[in-house]
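Since every read-out is calculated from the coordinates, none of them should be taken as a lab result. Note that this is a predicted model, so its numbers are computed, not measured. Neighbour counts run over all protein chains shown; Cβ positions are idealised from the backbone, glycine included.
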Amino acid sequence: MALINPHINFNGNAEEAFTFYKSVFGGEFARIVRFKDVASSEFPISEKEENKIIEINMELNGW
C-alpha cells in the first residue's frame, strides 16, 4: 500500500477543505487535533483560534 504524508497549510479553512476531500475520495478522518487540545499555560490559545485544526489524518478508501 502506498503511503503519503503531505503537510499542507490552510488559512483557517482546513476543516472545510478536508470535508470536501472526504466527499471526493471517501475514507474517514483517523485523527483530528484542534488547537484547544494542545493548549496549556505555556501554549495559550485564544478563543478565536481554539477550534482550528492543527493536525488532521485521513485514511482513504481503496488508495
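Of all residues in the stretch 18-28, count the ones that are out of contact with any Asp or Glu (no Cβ under 7 Å at 6 or more places or on another chain) and touching a residue at least 12 places away in the same chain (Cβ under 8 Å). Steps first, answer last, please.
Taking the stretch 18-28 as the starting set, the residues that turn out to be out of contact with any Asp or Glu (no Cβ under 7 Å at 6 or more places or on another chain) are 18-26.
Okay, now just the ones that are also touching a residue at least 12 places away in the same chain (Cβ under 8 Å), so 18, 21-22, 25-26.
Matching residues across the stretch 18-28 total 5.
Of 15, 47, which residue is assigned to a helix (DSSP H, G or I) and either without any contact (Cβ under 8 Å) to a residue 12 or more places away in the chain or surrounded by 14 or more Cβ atoms within 10 Å (Cβ to Cβ) (or both)?
On the way: 47 fails: assigned to a helix (DSSP H, G or I).
After ruling out the rest, the residue left standing is 15.
Given (1) assigned to a loop (DSSP other than H, G, I, E, B); (2) touching a residue at least 12 places away in the same chain (Cβ under 8 Å), identify the lone condition not met by residue 31.
Every listed condition holds for residue 31 apart from (1).
Can you confirm whether residue 22 is surrounded by 13 or more Cβ atoms within 10 Å (Cβ to Cβ) and not aromatic (Phe, Trp, Tyr)?
Criteria met by residue 22.
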